[in-house]
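Each reported figure results from applying straightforward, stated rules to the coordinates on display, with no laboratory input. Everything numeric in this text was worked out from a predicted model, so none of it was measured. Cβ atoms come from the backbone with ideal geometry, glycine included; neighbour counts cover every protein chain shown.
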C-alpha cells in the first residue's frame, strides 16, 4: 500500500495541496490497538496501515481527502463509532428492526441490511452523519474488512471495495485518470468531487459507481 500512498501524495501536491498539508502525522500502534480492543475485533492490516500513514486530517481545510469526505483522525473515528454504539445499546431489538426496515444491501447479501452495526468502523465522514467505513461483520457474501457506506441517510449499503487497500488504489487510479472536479466554494476553500458522475456528494455517487455489482 506504500506505493499507492506515495502516488496519492504526489497527486495531491500537484492538484490540491491544501489537502496534503492538512494530513496529520501517522498514529502509533498503541493508539490503534486501544481502539481495536475497545471494538473487540481485529482491524484489517490495511486499515492500520492507513492510520500509520496519516492520522486523518487536522481540519484546517474543508476539503476532504476522499472525494470531499473528511479523513477522520483515529480519535474522531473512535468518537463517531462510540456514538453509533450508544444508539445500538440504547435501542431495543424491536427498535433496531424498525429502524432497519428500509435498509438494503445494494451489493446482494454482502452487507447486513441494518441501520447500524457496532462492527462498522468509520474512517471517512460527510459532516452530516454518514460515512465510509470498514465492515467487520459482513453479510454471507461479504468479506471481513470490506469498505462500505453507512449512516443516518445511507439506507442502501454497498461494497465500495473489498479492503481499504483496494479502495485507496481505486481512488488513486480515478484521480490519476482525470476523474475529479475541483471547485471553489463561497468561503474561498476548494472542494474535491468526482467528475463522473457529476454530483456534489461522493456518497450520492456510490450507487452509480458501485451499483453494477447488483448483477454479479
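Quick notes on this one:
- Taking other C-beta atoms within 10 angstrom as a stand-in for reagent exposure, 2, 85, 195 fall in the order 2, 195, 85, fewest first.
- Structure-based [θ]222 nm, the chain - -39500 (n - 2.57) summed over DSSP H runs of at least 4, per residue, nearest 500: -12000 deg cm²/dmol
- Cβ-based exposure ranking for 107, 61, 97, 14, in which fewest neighbours within 10 Å come first: 14, 97, 61, 107
- Degrees, to the nearest 10: 74-90 long Cα axis against longest axis of the chain: 20
- Additional length obtainable on full extension of the chain from residue 60 to residue 173, 0.36 nm per residue less Cα span: 38.1 nm
- Principal-axis tilt of helix 29-39 within the chain, Cα atoms, nearest 10 degrees: 30
- Taking only the C-alpha atoms of the chain, Rg followed by Dmax gives 16.7, 51 Å.
- Enclosed volume per residue, in Å³, of the convex hull spanned by Cα atoms of region 119-216: 112
- Computed label-point distance, nm, for sites residue 86 and residue 183 using a 7 Å Cα→Cβ extension: 3.3
- Taking Cα atoms only, the orientation of helix 2-15 departs from the longest principal axis of the chain by about 50 degrees.
- If the segment from residue 201 to residue 18 were pulled out straight at 0.36 nm per residue, it would be longer than the present Cα-Cα gap by 63.9 nm.
- The ranking of 72, 171, 23, 203 by Cβ neighbour count inside 10 Å, starting from the fewest, reads 23, 171, 203, 72.
- Region 82-124 versus region 145-160: alpha-carbon centroid distance in Å: 10
- Under a Gaussian network description of the chain, with springs only between Cα atoms under 10 Å, the residue in 92, 163, 63 that fluctuates furthest is 92.
- Extension reserve of the residue 127-residue 28 stretch, reckoned as 0.36 nm per residue once the Cα distance is removed: 33.1 nm
- Residue among 74, 65, 12 with the largest mean-square fluctuation in a Gaussian network model of the chain, springs linking Cα atoms under 10 Å: 12
- Modelled this way, with points 7 Å down the Cα-to-C-beta line, the labels at residue 153 and residue 41 are 2.7 nm from one another.
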